[in-house]
Amino acid sequence: MPIKFIKTHLIIIFLPIIIALWAFLTEHQHMVVGPFKLDRLSWLLASFVMALGFIIQKFSMRYLLGDHHYRQYFPLFTLITTFASMAWLSQDLRLMTLFWGLTLLSLTLLINVNRHWKVPRESAKISAMTFIVGWLALVLAVIVIYSVTGQWTVPNQITNPTLDLVVDLLLVIAVIIPAAQFPFQKWLIESVVAPTPVSAIMHAGIVNAGGVILTRFSPIFDHAIALSLLLIIASISVLLGSGISLVQVDYKRQLVGSTMSQMGFMLVQCALGVYSAAIIHLILHGIFKATLFLQSGSIVKRFNIPSQKSAKDTYGWLMIGRALAIIVAVLFWLASEQHAYELISALILAWSLMVSWNQLVAFSKGKLGRSIGIVLIALIAMMYIITHHYFNSVLQTITVHRAHAPLIAVVISISILVCGSLLSIWVAHRRYSTAFAILYLWLVNLGEARPQAIESHPEYLKKYL
């Protein structure tokens with residue numbers, strides 16, 4: 001395929017991005033045009049998805065050059081971003097469900113592009129089966145809503161408590177599957193065999209759809225049982241995803257574990273009714289994770305294992321990082337409104353600071369390296385605060401119904417996260433114990449693909465040798 005055709009294709013798909021960005025920046029009124037709901041949230045999501053799709057396709061123009069299936073990637077990339085954008089612009093639930101299903105179908109076809117190799121076929125197979133379950137759950141939820149209200153739009157409430165619970169439970173299934181939450185994480189783990197740009201668009205624009213779906217359905221996603229179930233599943237997934245990312249040696253599987261954890265936190269935000277924070281989270285996570293995947297081909301060793309001589313000094317810096325993380329988390333909690341969401345955010349903030357400190361400061365060499373690490377942490381924190389403040393001010397215009405999970409579910413969620421933190425500290429100091437070995441191997445096994453989806457070498461290439 002001549003490169004000029006790809007360039008023309010990129011020019012064409014760039015035009016809708018300009019339109020969506022212009023509408024996002026200039027249109028502050030909510031409008032309904034036929035079956036489409038045009039507000040700032042819709043335009044923000046559409047421009048975000050399409051812009052990431054454009055960047056990934058621009059990257060793929062050279063990255064995938066020489067691939068036997070080169071010409072098949074670009075239309076599938078475009079279909080994914082187009083269908084996803086149309087889904088989030090749709091007010092009619094039939095259109096939203098249809099376009100979301102087409103998005104998942106296009107993603108499955110993209111994973112299976114190299115169908116001559118057994119491993120992608122197996123990955124596409126488990127992805128397809130898992131996606132069908134999640135999509136059918138959404139379809140059933142929409143059908144139940146229509147049977148109650150007689151309309152194909154999200155109602156303000158469902159008066160029948162039983163049907164309200166049924167819809168909310170179906171929505172929980174519909175969002176935890178694409179988000180790769182426990183126990184549905186296998187499809188995302190096995191998808192790492194797909195080319196890196198495929199992983200980038202998957203992690204940046206597909207797995208985070210749960211936050212968008214729950215935001216759209218927020219007026220009726222209010223049943224205590226469904227909120228509690230989502231909160232507990234997401235909290236467990238935060239811990240398991242973090243554990244998988246720490247024990248895996250494959251870089252792309254480390255990113256899968258990280259995504260599982262981050263999507264868990266995004267769903268925790270939804271369960272606690274903080275939808276604007278969930279939208280900000282999914283956008284920033286999408287940009288961040290796409291960047292990590294696109295640079296994965298040139299990844300370098302990030303951790304410096306300290307020598308015996310410097311181990312004592314490194315341990316001191318580790319203790320400083322932990323103390324600093326605890327202090328920052330406590331200050332954050334005291335300065336907030338001290339709701340459940342702020343407490344969970346304080347815990348996540350402490351984790352993030354400890355990990356960043358270990359990578360950028362504790363294991364850096366010399367005073368200069370540690371000084372640079374501290375400056376980088378400060379700059380990243382400042383950029384995050386500025387970006388978060390901007391998006392938060394923009395999303396204040398979005399009207400959503402804020403339901404809150406029951407107190408007992410919140411207590412269980414916080415207990416899970418706190419116990420996970422204490423367990424990780426305990427295990428870190430018993431690295432040569434039986435308990436550490438058992439936990440380590442269990443997490444490794446949890447993050448592994450099925451045996452039939454693994455090959456040491458692509459067997460189909462033998463015929464070319």
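Hey, does segment 64-77 have a residue that's within 20 Å of the chain's Cα centre (by Cα), on the phi < 0 side of the Ramachandran plot and in a helix (DSSP H, G or I)?
Yes, there is a match, as at least one residue in segment 64-77 is within 20 Å of the chain's Cα centre (by Cα), on the phi < 0 side of the Ramachandran plot and in a helix (DSSP H, G or I).
Considering segment 113-130 alone, what residues qualify as being surrounded by fewer than 19 Cβ atoms within 10 Å (Cβ to Cβ) and modelled with pLDDT of 90 or more?
Correct list: Lys125, Ala128, Met129.
Hey, could you check segment 1-60 for residues that are aromatic (Phe, Trp, Tyr) and not in a strand (DSSP E or B) and say which is nearest to Tyr390 (Cα to Cα)?
Per the criteria, the residue is Phe24.
Looking only at residues in segment 213-234 that are of a type in the set (A, V, I, L, M, F, W, C) and open to solvent by 10 Å² or more (accessible area, probe 1.4 Å), which one is nearest to the chain's Cα centre (by Cα)?
In this case the residue turns out to be Ile233.
When you go through Gly257, Gly264, Gly210, Gly241 one by one, which is the residue that is under 23 Å from Ser352 (Cβ atoms), open to solvent by less than 10 Å² (accessible area, probe 1.4 Å) and touching a Pro at 6+ places or on another chain (Cβ under 8 Å)?
Gly210
Evaluate the following for Val154: is it more than 30 Å from Leu65 (Cβ to Cβ) and in contact (Cβ under 8 Å) with a residue 40 or more places away in the chain?
The answer is yes for Val154.
Could you pull out the residue among Leu109, Leu98, Leu89, Leu140 that is in contact with a Leu (Cβ under 9 Å, 6 or more places away or on another chain), open to solvent by 60 Å² or more (accessible area, probe 1.4 Å), over 19 Å from Ala180 (Cα atoms) and of a type outside the set (Asp, Glu)?
Unique residue meeting the criteria: Leu140.
Is it fair to say Tyr460 is among the aromatic types (Phe, Trp, Tyr), modelled with pLDDT under 80 and out of contact with any Gly (no Cβ under 7 Å at 6 or more places or on another chain)?
Yes.
Count, please, the residues in segment 78-108 that happen to be touching a residue at least 60 places away in the same chain (Cβ under 8 Å), in a helix (DSSP H, G or I) and in contact with a strand residue (DSSP E or B) (Cβ under 6 Å, 6 or more places away or on another chain).
Within segment 78-108, residues that are touching a residue at least 60 places away in the same chain (Cβ under 8 Å), in a helix (DSSP H, G or I) and in contact with a strand residue (DSSP E or B) (Cβ under 6 Å, 6 or more places away or on another chain) number 1.
The values are calculated or read from the model by the stated rules, or taken from the named source; none is laboratory data. What you see is a predicted model, and the numbers here were worked out from it, not measured in a lab. Cβ: placed from backbone, ideal geometry, glycine included. Neighbour counts: every protein chain shown. For the accessible areas, the whole protein counts, side chains as well, though only heavy atoms, and no ligand, DNA or RNA atoms are used. Shrake-Rupley method; radii C 1.70, N 1.55, O 1.52, S 1.80 Å.
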